[in-house]
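Everything below concerns the one structure shown next.
The values are calculated or read from the model by the stated rules, or taken from the named source; none is laboratory data. Everything quoted here is computed from the prediction, not taken from an experiment. Quick reminder, even Gly has a Cβ in these numbers, built from the backbone with ideal geometry, and neighbours come from all protein chains shown.
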Amino acid sequence: MDDIVKPGHNAALTHTAKADRDHHLHPWEHLGSWKKGERFMITHADGIYLHDADGRKLIDGPAGMWAVQIGYGRKEMADAIAEQVMSLPYASPWTVTTSPAAELAEKVASLAPAPLSTVMFTTGGSTAVDTAIRTMHFLNNRLGRPEKKKVIAREKGYHGSTYLAASVTGKERDKSWFDFEDRLVHFLPDVNPYTRPEGMTEAQWCDEKVADLERAIAEIGPDRIGAFIAEPILCSGGVIIPPEGYHRRTLEICRKHDVLYISDEVVTAFGRLGHWFASEDVFGIVPDMITCAKGLTSGYLPLGACIISDRVMERMTGDDHDVLFPNGYTYSAHPVSCAAALKNIEIMERERLLDHVRVVTPRFQDRLIALGKSPIIGDARGMGLLGCLEGLTDGRDTPLSVQRTLGERLDEACEARGLIVRPLINMCVFSPPLIISDDEIDRMFDILEEAVGEVETDFT
């Protein structure tokens, strides 16, 4: 939905559609087909459903962009946003504070793993990652270690679109024509257990992936490495779940070499795995920094955050309590966005959405794994309300055009039946709103099963 132009969805080219086609450059736009077709236009939404200009009602499989936890059409969210707009729509974070910002900082700190108790609000996930990396730079400059700046990241990891965040992103096909700060980053090989050699156990694979980090530190030198950044689950890379024990063991290595551990929870935080944050509750680690966004406001307004541990804050301050930390954005701690986040968290707590996710997850994952029996599906994987179907194509030998065709055909077959998924080359991923019911899960996977069956005829 987000990166493919779909011609011919509207019977008539309306003025709005023409304006979009002629003037609106979308994220990840295919420039060769820009202005030659039109995207189908969403007019309104409710619950887990999107409605388009042709009158179709579609399940929003990706929850927008991994974001709309509480679903669409929440009047109390609109009321909270409107009330804040009327009382105070903006205030400069440089000179004043606001009640929504202060209350949200306290709330987020109370939900995060202890001792991460300092929150810097940003405009979204990319700027949250930028803030985390700049914090590492600041810390090591303060400690007199100007060479300890390199970031270790992972292939298939996604961390954002700003210069720093994009530089530590490991999705190779996103890096075709832009420049990146190659001196800043070293990428570890793919951690996906699905790619391990035949005959290798997952435990052996974990040993090898942990060894990748140890080798990188030995080769580069721990005095040059400032941070390791890792998503608990590599979501945009295809819902890649590292082998059991990987996160804990890599954190131990980082601690040994005084390398900061940045957990990028832009997708996994705020309920996607049935917990406020996945780092500690799901994977058993307490990182030095956590980045988050998306589910923080359920996508109703832009907002991100970098949550920093007490240890990092104390080391940055040192003996100089007047030291300046020159990082921030015009819209940091925007009062309307913070009011939306507070209401979002209130709704999630009142409706016990985290409990709901844990209750419906077995049904979701059982239906997902069952699709792996198809001859065109190489891997069906997921956790919580995250899922991915990876087509049975060999990325090293199968032409990219063929891989894309499989993903696009699954996307089209699902859409025709009333389900939006997100095609990623030979994969389709989905992460529906957390409010999804058992019946809606069954409807979603019934559509996926029919779509896979249809596409089988093209590839078998």
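So here's what we get for this one:
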read-out	value
Residues of the stretch 9-54 satisfying the condition of being of a type outside the set (S, T, N, Q), buried (at least 16 other Cβ atoms within 10 Å of the Cβ) and part of a loop (DSSP other than H, G, I, E, B)	His9, Glu38, Arg39, Phe40, Ile48, Ala53
Unique residue being farther than 22 Å from Met136 by Cα, modelled with pLDDT of 95 or more and among the β-branched types (Val, Ile, Thr) when the list is Thr291, Thr250, Thr268	Thr268
Selection status of Ile345, under 21 Å from the mean Cα position of the chain (by Cα), within 30 Å of Asp79 (Cβ to Cβ), among the hydrophobic types (A, V, I, L, M, F, W, C) and in the same structural domain as Trp276 (by TED's automatic domain parsing)	yes
Count of the stretch 258-278 residues which are touching a strand residue (DSSP E or B) at 6+ places or on another chain (Cβ under 9 Å) and more than 23 Å from Thr131 (Cβ to Cβ)	1
Complete set of residues in the stretch 333-378 that are aliphatic (A, V, I, L, M) and closer than 14 Å to Ile435 by Cα	Ile345, Ile347, Met348, Leu353, Leu354, Val357, Val359, Val360
Residues being of a type in the set (Phe, Trp, Tyr) and crowded, with 23+ Cβ neighbours inside 10 Å - total across the stretch 125-157	0
Count - residues of the stretch 122-144 that are in a loop (DSSP other than H, G, I, E, B) and either within 27 Å of Glu103 (Cβ to Cβ) or within 16 Å of the chain's Cα centre (by Cα) (or both)	2
Unique match (being in the same structural domain as Ile133 (by TED's automatic domain parsing), at positive phi and charged (D, E, K, R)) among Asp258, Asp288, Asp264	Asp258
Criterion: touching a strand residue (DSSP E or B) at 6+ places or on another chain (Cβ under 8 Å), of a type in the set (A, V, I, L, M, F, W, C) and assigned by TED's automatic domain parsing to the domain that holds Asn327 - qualifying residue of Leu188, Leu143	Leu188
Within the stretch 102-121, considering residues that are more than 20 Å from the chain's Cα centre (by Cα) and assigned to a strand (DSSP E or B), the one farthest from Ser92 (Cα to Cα)	Leu116
Any chance Ser110 is in the same structural domain as Gly299 (by TED's automatic domain parsing) and surrounded by fewer than 22 Cβ atoms within 10 Å (Cβ to Cβ)	yes
Unique match (being of a type in the set (Asp, Glu) and in contact with a strand residue (DSSP E or B) (Cβ under 7 Å, 6 or more places away or on another chain)) among Glu181, Glu231	Glu231
Members of the stretch 300-341 that are polar (S, T, N, Q) and under 21 Å from Leu260 (Cα atoms)	Ser309, Thr317, Asn327
In the stretch 297-326, the residues that are modelled with pLDDT under 95 and among the polar types (S, T, N, Q)	Thr317
Matching residues, the stretch 55-101, being without any contact (Cβ under 8 Å) to a residue 40 or more places away in the chain, under 17 Å from Thr297 (Cα atoms) and not in a helix (DSSP H, G or I)	Gly73
